[in-house]
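The values are calculated or read from the model by the stated rules, or taken from the named source; none is laboratory data. These figures come from a predicted structure and were not determined experimentally. Every residue, glycine among them, receives a Cβ derived from its backbone with ideal geometry; neighbour counts consider all protein chains shown.
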């Protein structure tokens, strides 16, 4: 059973600082649990975020003597701890001509190394995705030798004139943003990222193509450690769980 303290920490992790401050201020006005008080606290959040408090308030109802100020302090303490642990090492990653004045790493090298270091899960997000042999081989090794789960989030094939979209990678778990569901209809899945084990993430302008990995001028940042990768991972997991991104049959 998830404890009140654990749920408070989870809420602190999921709320932006401005929303957390509003919720904490609302909790401080509640001497103990009541349905009306919980509803008042919930109204401190914008509509899309209100469900974040549902489990916490269910647990609060089971311990109604808990003062709201205790939840406020719990939220603020958890947020402070979370911020202190969010130490991310950042490196610049490029494709194309090297600058003689700044140390950088090559996109193809970084992507291969990230995949080779994966122990549990790789999520690769790309608009264009024309098979890059070195990346495909690294993904195959991860799956076959280490049992890593590989998920690809790709643009729909019908929006890629040269092929290489979601339907070209049937070996892996592949997701797409169905064109019929997009508002506006002409919107594109244009993000590019490689997320490994919720620990490291490459955010880049480079698509998963030979040109982007070896010829074009592309720019990205590699974030290791801290919470950046986890937050990016949770964003895409949320898009999957809510049905925005759907598995390709």
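Worth a mention:
- In the stretch 65-75, the condition of being in a helix (DSSP H, G or I), at pLDDT below 90 and outside the structural domain of residue 229 (by TED's automatic domain parsing) is met by no residue.
- Meets criteria (in contact (Cβ under 8 Å) with a residue 12 or more places away in the chain, out of contact with any helix residue (DSSP H, G or I) (no Cβ under 6 Å at 6 or more places or on another chain) and closer than 14 Å to residue 207 by Cα) for residue 126: yes
- All positions within the stretch 1-21 that are free of Cβ contacts under 8 Å to residues at least 24 places away in the same chain and part of a loop (DSSP other than H, G, I, E, B): 1, 16
- Looking only at the stretch 163-199, residues that are in a strand (DSSP E or B) and at pLDDT 95 or above come to 4 in all.
- No other residue among 59, 24 is surrounded by 13 or more Cβ atoms within 10 Å (Cβ to Cβ), in a helix (DSSP H, G or I) and either free of Cβ contacts under 8 Å to residues at least 40 places away in the same chain or within 26 Å of the chain's Cα centre (by Cα) (or both) apart from 24.
- Selection count, the stretch 178-220, where residues are surrounded by 15 or more Cβ atoms within 10 Å (Cβ to Cβ) and under 16 Å from the mean Cα position of the chain (by Cα): 15
So that you can scan it fast, the table gives a plain yes or no per residue for (1) under 17 Å from residue 217 (Cα atoms); (2) part of a loop (DSSP other than H, G, I, E, B); (3) at pLDDT 95 or above:
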| site | (1), (2), (3) |
| --- | --- |
| 82 | no, no, no |
| 98 | yes, yes, no |
| 115 | no, no, yes |
| 123 | no, no, yes |
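- Residue within the stretch 197-209 that is out of contact with any strand residue (DSSP E or B) (no Cβ under 6 Å at 6 or more places or on another chain), in contact (Cβ under 8 Å) with a residue 40 or more places away in the chain and under 18 Å from residue 174 (Cβ atoms) present: yes
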